[in-house]
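The values are calculated or read from the model by the stated rules, or taken from the named source; none is laboratory data. A quick note: this is a predicted structure, and the numbers were derived from the prediction, not measured. Please note: Cβ atoms are built from the backbone with ideal geometry, for glycine as well, and neighbour counts cover all protein chains shown.
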Amino acid sequence: MSERKAAIDAFLHKSGWGNAERHPLPGDASTRRYIRIVDRDRTAMLMDQPQGAETAACPPDASEQERRVLGYNAVARLAGPDTRRFAGLATHLKRQGLSAPEIIAHDYDEGFLLIEDFGDGRFADLMAGGYAEQPFYENAIDALIHLHQSAAPAALEVPGANALPLLAYDAMAMEIEVDLLADWFYPAASGRKMSTDQRAEYLALWRTAFAKLDLSKPVLVLRDYHAENLMWLDDRAGVARSGLLDFQDALAGSPAYDVVSLIEDARREVSPELASQMAARYVAGRKTRDASFDVDQFKLAAALLAAQRNTKIVGIFSRLWKRDGKPRYTSYLPRMWRYLDRDLQHPELSALKSWFDRSVPRDWRGALTGEA
């Protein structure tokens, strides 16, 4: 830590913030940390991404085998330690008229970004403090409608570095994410590993489901779009009031993904009524701007990608408990299973629903308490 502190000192000094106060923010599930930098009447946020803390990001031309050799980040196409992804995506989002943090200074080799400070107005905190939900969710949905009017960019311009191609959220990435349930939740809940045959059937059913997605018109998928990653910017207007954070893992994919990420939030309860209203708002907004928007395909994609995302989160939260010693995440699992039950009601997902009904008994779904 003393070496990292010295590197931070040097970066801030070079950036003109050497005398500023530093106020670390609480940690989350990632290896990144954030420090608020305060220098008299100006503030910024330091993103500190240690370069050795994660496996490598996915090279743009890597084969499936090469991705597997590199590790989970490459297979799932996560940004990993590469802070250029955040900088390039922030630049693109700002050009689209949305609110992403300005990049004030960067040291990509060390894993430092100094970015605009959006303050403390997280959607989740404001709603927990008594503000009505509806305006926040409506603005967040409208921001997605605005973003999805444009096709996903082929490449991202990165301040002070070469452009990066925007990769696709492909079947390989989605498959390794649902495999987390088999790796972490299943053995924790059942006391045994999933059998080879059972796992093969599970993954085959997901592959069949993924093949039903229409990805002919991909959009930018921010991939972690929910109330804890959205900031209310009261001094801005329209869709720019939703300040975007934590989008470094964005890929090109289905427009349904971020919609369901928002309305099936892992960390806070979103009522079925509100979720339905926001989905309808999104569909109406897209139809107004594009008469060819396929509502039935969107509904299928929403159900499938919600099921995929929630299955992944069940695995991730189980891993955070078993591997990383963070038991508080298991308190969210009952909500994830409620979402999954709802997602799997879509007729096109009946085979997957049958697998879950047979292979993950109801009593297992409430088995993890986070206690050692």
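For Ala256, state whether it is assigned by TED's automatic domain parsing to the domain that holds Ile141, surrounded by 20 or more Cβ atoms within 10 Å (Cβ to Cβ) and out of contact with any strand residue (DSSP E or B) (no Cβ under 8 Å at 6 or more places or on another chain). Let's see the steps before the verdict.
On the way: assigned by TED's automatic domain parsing to the domain that holds Ile141: yes; surrounded by 20 or more Cβ atoms within 10 Å (Cβ to Cβ): yes; out of contact with any strand residue (DSSP E or B) (no Cβ under 8 Å at 6 or more places or on another chain): yes.
So Ala256 fits the description; yes.
Go through region 205-227 and count every residue that is under 21 Å from Phe293 (Cβ atoms) and aliphatic (A, V, I, L, M).
6
Within the set of pairs 6+ apart or on separate chains, which have a first residue in region 49-65 that is surrounded by fewer than 13 Cβ atoms within 10 Å (Cβ to Cβ), a second that is of a type in the set (Gly, Ala, Ser), and C-beta atoms under 8 Å apart?
none
State which residue pairs qualify: first residue of a type outside the set (Val, Ile, Thr) and inside region 114-141, second residue part of a loop (DSSP other than H, G, I, E, B) and surrounded by 18 or more Cβ atoms within 10 Å (Cβ to Cβ) in any location, beta carbons under 6 Å apart, and separation of 6 or more residues or different chains.
From region 114-141, the pairs are Leu114/Ser15; Glu116/Pro101.
Which residues, taken from region 90-109, are of a type in the set (A, V, I, L, M) and more than 15 Å from Arg236 (Cα to Cα)?
Initially, region 90-109 is screened for residues of a type in the set (A, V, I, L, M), giving 90, 93, 98, 100, 103-105.
Scanning region 90-109 gives Ala90, Leu93, Ile103, Ile104, Ala105.
Which numbered condition trips up Arg342, out of (1) outside any helix (DSSP H, G or I); (2) surrounded by fewer than 20 Cβ atoms within 10 Å (Cβ to Cβ)?
Of the numbered conditions (1) outside any helix (DSSP H, G or I); (2) surrounded by fewer than 20 Cβ atoms within 10 Å (Cβ to Cβ), the odd one out for Arg342 is (1).
Going through region 259-299 one residue at a time, which ones are under 16 Å from Lys217 (Cα atoms) and acidic (Asp, Glu)?
Result: Asp290, Asp294, Asp296.
Given (1) touching a strand residue (DSSP E or B) at 6+ places or on another chain (Cβ under 7 Å); (2) without any contact (Cβ under 8 Å) to a residue 60 or more places away in the chain, identify the lone condition not met by Arg68.
Going through (1) touching a strand residue (DSSP E or B) at 6+ places or on another chain (Cβ under 7 Å); (2) without any contact (Cβ under 8 Å) to a residue 60 or more places away in the chain one by one, Arg68 breaks only (1).
Given (1) more than 27 Å from Gly285 (Cα to Cα); (2) surrounded by fewer than 17 Cβ atoms within 10 Å (Cβ to Cβ); (3) in the same structural domain as Pro272 (by TED's automatic domain parsing), identify the lone condition not met by Leu181.
(2)
Which of the residues spanning region 135-166 are crowded, with 19+ Cβ neighbours inside 10 Å and either in a loop (DSSP other than H, G, I, E, B) or of a type in the set (D, E, K, R) (or both)?
Within region 135-166, His148, Ala152, Val158, Leu166 meet the criteria.
Among the residues of region 169-176, are any loosely packed, with under 14 Cβ neighbours inside 10 Å and either touching a helix residue (DSSP H, G or I) at 6+ places or on another chain (Cβ under 6 Å) or at pLDDT below 95 (or both)? First the steps, then the outcome.
To start, the set of residues in region 169-176 that are loosely packed, with under 14 Cβ neighbours inside 10 Å comprises none.
No, because not a single residue in region 169-176 is loosely packed, with under 14 Cβ neighbours inside 10 Å and either touching a helix residue (DSSP H, G or I) at 6+ places or on another chain (Cβ under 6 Å) or at pLDDT below 95 (or both).
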